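Comments concern the structure below.
Please treat every number below as a calculation from the coordinates, not as lab data. Keep in mind it's a predicted model, so treat the numbers as computed, not measured. When we count neighbours, we look across all protein chains shown, and the Cβ atoms used for this are built from the backbone with ideal geometry, even at glycine.
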Amino acid sequence: MAYSEKLLDHYENPRNVGSFDKNDPTVATGMVGAPACGDVMKLQLKISDEGIIEDAKFKTYGCGSAIASSSLVTEWVKGKSLDEAGAISNRDISEELALPPVKIHCSILAEDAIKAAIEDYKAK
Amino acid sequence: MNYFELFALPVSFDIDTGDLKAKYLELQRHVHPDNFANATERERLLAVQKAAQINDGFDVLKHIDSRAQHILSINGIELAHETQTLKDPMFLMQQMELRETLEDIPSASDPEQALMDFQSEVDGYIKSINRLFSSLFQQADQVSFEKAGDEVRKLKFMLKLSQEAVALEDKLFDF
């Protein structure tokens, strides 16, 4: 199976790997898992008083497509408002990385991680 | 396809695996190519298909995750191709921590011991899900089936961890 260059680049040089302090009130944490493959993904967003995402970090245990999807998402959300970030769909992610059909669930995981982080922030 | 029927076993989570194995061998004997040496092309083909079905059924019933999933499927709850994500924060937090523990094992002072501890911890979680399946499938009502479905999803993460631990063992100790 041929993977796209963008996907390989994100997999080989993942951006923004790491963690923020989850108890920091400006940090939103989204955690999701895919039962189909046992992958787990943690996405954290650092949010300004104005509701803009200033920084993002992720930690993903899973296949290359899951790592690439979360890496891409951390780049995309920076500078966006929560509403804008919440509008990112799995289709945007899978198209950008040209994910093969069997790996679409990785992009769903990344979309759901953003949504879970936004919910966490609203709950705080 | 109800594999319990194929193996003439009651639809139950608590099957005797020795029984299953015996039934499997018996069924495979019936469809063995030797019995079809003088058969028609069509009969041979059917026997080959049946043998494949018996193999599939044995695989499904042998493992606790696929057996539980099969019972749910017989009861109209289909988990096989779901792409829904799991969002239980407590469970995922534990998964993250277990993954981090596993990741740190190669740099532990005694990696062999650390890996053994890790494997027995994960085995403990798998065993407790196994016990839960037993009681949930005995209750056999809609609520229990829904709960069993959640446990199947969690079990998959645990089995994945267990696989990763075995892969690390191979890598570290070169078995």
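Working only within the stretch B:148-175, note down all residues that are more than 13 Å from B:Gln69 (Cα to Cα), among the basic types (Lys, Arg) and within 14 Å of chain A (Cβ to nearest Cβ). Working first, answer last.
Filtering the stretch B:148-175 down to residues more than 13 Å from B:Gln69 (Cα to Cα) leaves B:157-175.
Narrowing the set further to residues that are among the basic types (Lys, Arg) leaves B:160, B:171.
Listed by number, the list holds a single entry, B:Lys160.
B:Phe145 - would you say it is more than 14 Å from every other protein chain (Cβ to nearest Cβ) and over 15 Å from the mean Cα position of the chain (by Cα)?
Working: more than 14 Å from every other protein chain (Cβ to nearest Cβ): yes; over 15 Å from the mean Cα position of the chain (by Cα): yes.
When the stated conditions are applied, B:Phe145 passes them.
Select from the stretch A:3-41 the residues that are more than 12 Å from A:Ile67 (Cβ to Cβ) and charged (D, E, K, R) and list them in ascending order.
Once the filter is applied, which keeps residues that are more than 12 Å from A:Ile67 (Cβ to Cβ) and charged (D, E, K, R), the stretch A:3-41 yields A:Glu5, A:Lys6, A:Asp21, A:Lys22, A:Asp24.
If a residue has to be farther than 21 Å from B:Tyr125 by Cα and among the polar types (S, T, N, Q) to count, how many in the stretch B:56-83 make the cut?
Matching residues across the stretch B:56-83 total 3.
Looking at the stretch B:117-149, which of the residues that are without any contact (Cβ under 8 Å) to a residue 40 or more places away in the chain, acidic (Asp, Glu) and assigned to a helix (DSSP H, G or I) is nearest to B:Ile64 (Cα to Cα)?
B:Asp123
Among the residues of the stretch A:7-22, are any surrounded by fewer than 18 Cβ atoms within 10 Å (Cβ to Cβ), under 24 Å from B:Pro89 (Cβ atoms) and hydroxyl-bearing (Ser, Thr, Tyr)?
Yes: one or more hits.
Let me confirm something: among B:Phe118, B:Phe91, which residue is aromatic (Phe, Trp, Tyr), under 18 Å from A:Cys37 (Cβ atoms) and surrounded by 12 or more Cβ atoms within 10 Å (Cβ to Cβ)? Before you say what the answer is, go through the steps one by one.
On the way: B:Phe118 fails: under 18 Å from A:Cys37 (Cβ atoms).
None of the others qualify; the one that does is B:Phe91.
Can you name the residue in the stretch B:1-31 that is over 19 Å from B:Leu72 (Cβ atoms) and charged (D, E, K, R) and, of all such residues, is surrounded by the most Cβ atoms within 10 Å (Cβ to Cβ)?
Our first condition is that a residue be over 19 Å from B:Leu72 (Cβ atoms); within the stretch B:1-31, this holds for B:8, B:16-19, B:21-31.
Cutting the leftovers down to charged (D, E, K, R) gives us B:16, B:19, B:21, B:23, B:26, B:29.
Values: B:Asp16: 11, B:Asp19: 12, B:Lys21: 12, B:Lys23: 20, B:Glu26: 12, B:Arg29: 10.
Ranking the candidates gives B:Lys23 first.
What number goes with the only condition from (1) within 16 Å of B:Glu169 (Cα to Cα); (2) free of Cβ contacts under 8 Å to residues at least 24 places away in the same chain that B:Pro106 does not pass?
For B:Pro106, the failing item is (2).
Return the residues of the stretch B:82-123 that are within 8 Å of chain A (Cβ to nearest Cβ) and more than 22 Å from A:Lys59 (Cα to Cα); say none if nothing qualifies.
B:Glu82
Can you report the number of residues in the stretch B:121-141 which are loosely packed, with under 13 Cβ neighbours inside 10 Å and at positive phi?
Residues that pass the stated criteria total 0.
Looking at B:Lys62, B:Lys156, B:Lys127, which is the one that is touching a Pro at 6+ places or on another chain (Cβ under 6 Å) and within 30 Å of B:Leu25 (Cα to Cα)? Step through it out loud before you land on a result.
Working: B:Lys62 fails: touching a Pro at 6+ places or on another chain (Cβ under 6 Å); B:Lys127 fails: touching a Pro at 6+ places or on another chain (Cβ under 6 Å).
Of B:Lys62, B:Lys156, B:Lys127, the one residue that is touching a Pro at 6+ places or on another chain (Cβ under 6 Å) and within 30 Å of B:Leu25 (Cα to Cα) is B:Lys156.
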